[in-house]
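S.K.: Before anything else, here's the structure in question.
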Amino acid sequence: MGARQPNGRGHMKTVFRIIFFVPLALIMLFFAMANRSHVQIGLDPFLTPGESGPSFEAPLFLVVMVSMALGVIAGGVATWASHMPVRRSAKVARAEAKKTRVEIDKLRQQALSSLPTEPDAKS
C-alpha cells in the first residue's frame, strides 16, 4: 500500500477514484452488452458499393472502444509534441542555473580565501 499523507488526502483520492471509475466501468460494461452485434469494417476507402475489398468483422463495442483508445493516444502524442519547445527551454534554463550555481560557489570560495585569517586585535 502507498504512503499515506498525514492530512487524509490519500483516503480522499481513493474515494474519488472509486466514485469515478466504478460508474465508468459499469457504463462500458452496459455499452458492450448492448452492442454485441458484429459489424463489417472495410479497410479500403476508395471501393465502390459493388466491389469487395479487404475487411473484417468485429463486435461494435470493440470497434467503438478501440477507436476511443486510439483517439486518446493520438491526443496524448499531439499534446506531448506541442510541449516540446517548453521542455527544451526548461532544459536550457536548468543548465544555465546549474552553471550559475557553480560560478557563485567559485566566487564565494575566492572571496572567503581573500579574507584575512586573523582578525585585527584592538584594545
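The values are calculated or read from the model by the stated rules, or taken from the named source; none is laboratory data. Model, not experiment: these values are computed from the prediction. Virtual Cβ from ideal backbone geometry, glycine too; neighbours counted across all protein chains shown.
S.K.: What's the number of the condition VAL86 fails, among (1) in contact with a Ser or Thr (Cβ under 6 Å, 6 or more places away or on another chain); (2) exposed (fewer than 10 other Cβ atoms within 10 Å of the Cβ)?
M.R.: (1)
S.K.: Then there's this: Quick check on segment 58-77. Is at least one of its residues of a type in the set (A, V, I, L, M, F, W, C), modelled with pLDDT under 95, out of contact with any Cys (no Cβ under 8 Å at 6 or more places or on another chain) and in a loop (DSSP other than H, G, I, E, B)?
M.R.: No, every residue in segment 58-77 fails to be of a type in the set (A, V, I, L, M, F, W, C), modelled with pLDDT under 95, out of contact with any Cys (no Cβ under 8 Å at 6 or more places or on another chain) and in a loop (DSSP other than H, G, I, E, B).
S.K.: For segment 105-121, check the following and say yes or no: at least one residue is at pLDDT 90 or above and assigned to a loop (DSSP other than H, G, I, E, B).
M.R.: no
S.K.: Cβ-Cβ under 6 Å, sequence separation 6+ or interchain: first residue in segment 60-80 and surrounded by 10 or more Cβ atoms within 10 Å (Cβ to Cβ), partner assigned to a helix (DSSP H, G or I). Which pairs?
M.R.: Sorted first by the residue in segment 60-80, then by its partner, the pairs are PHE61/PHE31; PHE61/ALA32.
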